[in-house]
Every structure is written in structure tokens, then in C-alpha cells.
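Heads up, the thing below is written out as C-alpha cells.
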Amino acid sequence: MADILADGCALSGSSFWGESMTFCIGCGQRLAQGTRFCRFCGSQQPDEQVLMLLRNEAQQIQMRAQTGQQQQINDQNLAQMEQMRREAEFAQQQRMQYQQDGQQPRW
Ligand SMILES: [Zn+2]
């Protein structure tokens with residue numbers, strides 16, 4: 001019991017939320033920065049280049065939004081997301097059909 005309490009106090013130290021931590025894109029668990037695969041769920045983490053691209057994109061969207069085109073961009077984003085969602089659904093349906101029609105998986 002005393003050990004657990006002592007650990008809890010140690011975790012409340014300032015280094016607990018250091019900048020060297022990141023979060024899994026799959027399950028949201030804390031991971032050390034630079035981790036390629038989550039040790040909790042196995043999701044591959046985006047590397048720094050991808051993150052930087054995403055950040056740049058977000059910045060550009062923000063800058064455009066500030067010039068008064070926010071509504072238009074929101075509409076575009078919604079349309080893009082809807083299209084991506086349809087494509088993902090379509091791909092999933094194809095995969096399921098393929099699994100049903102095709103060979104049984106070998107265990
Ligand atoms: Zn994970």
C-alpha cells in the first residue's frame with residue numbers, strides 16, 4: 001500500500017508531461033516520442049515528416065480561414081470528408097465481397 005502511494009507522488013512530478021511524450025493515434029495511450037509502433041495496440045505512428053505536413057496544412061487552412069473564406073473551406077472539407085468516407089465504405093464492401101467469394105482464409 002505504501003509503495004503505491006509513493007509511486008503516485010512520484011508520478012505527479014513535473015517531468016510526467018514532458019515534451020518527449022506523444023499519444024497513440026490508435027488508442028490514445030501515452031508513448032515516448034519517436035515510437036514507431038504502439039506497444040498497447042500495435043498501431044503504426046505517423047513519423048515526424050507526416051506530422052509536419054499535417055501541421056503545415058492546418059496552418060494554411062487557418063490562415064485562409066482568417067481571410068474570410070471560412071465557410072467555403074468548411075464546405076470543402078465536409079465534401080472531401082464525405083467523399084473519403086464513401087470511398088472507404090466502398091473499399092470495405094469490396095474487401096468483404098472478396099473474402100466471401102474468394103478462398104477461405106488458411107488458419
Ligand atoms: Zn495504441
Residue among G42, G8 that alone is of a type outside the set (S, T, N, Q) and modelled with pLDDT under 90: G8
Identity of the residue in region 22-39, charged (D, E, K, R) and part of a loop (DSSP other than H, G, I, E, B), that ends up farthest from the ligand (Cβ to nearest atom): R36
Verdict on R55 being at pLDDT 70 or above, on the phi < 0 side of the Ramachandran plot and not in a helix (DSSP H, G or I): no
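The values are calculated or read from the model by the stated rules, or taken from the named source; none is laboratory data. In this text, all values refer to a predicted model and were calculated from it rather than measured experimentally. Counting neighbours? That spans all protein chains shown, and the Cβs are built from the backbone with ideal geometry, glycine included.
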